[in-house]
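The block underneath contains the structure these notes are about, expressed in structure tokens.
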Amino acid sequence: MGMIDTALALVFGDGRNVVRDTVEVFRANAEKTAGRDATAREQAMVQFGAEFAVPRKGRFDRFMDGLNRLPRPALALGTLGLFITAMVDPVWFASRMQGVSLVPEPLWWLLGVIVSFYFGARHQVKTQDFQRSIARTIAQTPTVMRHIKELETLRVDGVEEGALRDLEGVSSAVRDRSDNAALADWRRVAG
């Protein structure tokens, strides 16, 4: 037993773990790292809690807190509203966007800078690309309006019954002229 005790004392020393101490030189102790991380998280939470521990005293503070929360939802809902408006009344939408296209470029730059600083690290190029896309969309308005008029003429509500019968005759003539042999066999069997 004495020889084993001597060998273990040589490796592990006087109550210290020489192997563990040597490995910790090359690799961090996972348990101690987890403890340090937990302490850092706890300190961050204490700091965040202290930040909100001061009660908001006046109406102005509450108003400013509400105002700071308003721009993002307003922009999101406003954009959705623009999409809905473009579908409901394209002419009204196009005329409003025509007005937007008349905004001078320096004002777009100013708006871009304000929005960039507010939302953080946005690039001015995005604003200019947005302006170009609006111009492209407005340029497509006459084509879209022409397509809408063509679609309106295709509504069944405005078609007379005689025209519908003529269309039925055309469809039966087309059905009878089919060159598909398998379809012709199926029609004979079906009946």
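Every number in this text was worked out from the coordinates using simple rules, so none of it is lab data. None of the values given here were measured: they were computed from a predicted structure. Cβ placement follows ideal geometry from the backbone for every residue including glycine, while neighbour counts extend to all protein chains displayed.
Among the residues of the range 56-79, what is the count of those that are under 20 Å from L111 (Cβ atoms) and out of contact with any Phe, Trp or Tyr (no Cβ under 7 Å at 6 or more places or on another chain)? So the count comes out to 11. Look at the range 71-122 and say how many of its residues are surrounded by 10 or more Cβ atoms within 10 Å (Cβ to Cβ) and outside any helix (DSSP H, G or I). Adding up the residues that qualify gives 3.
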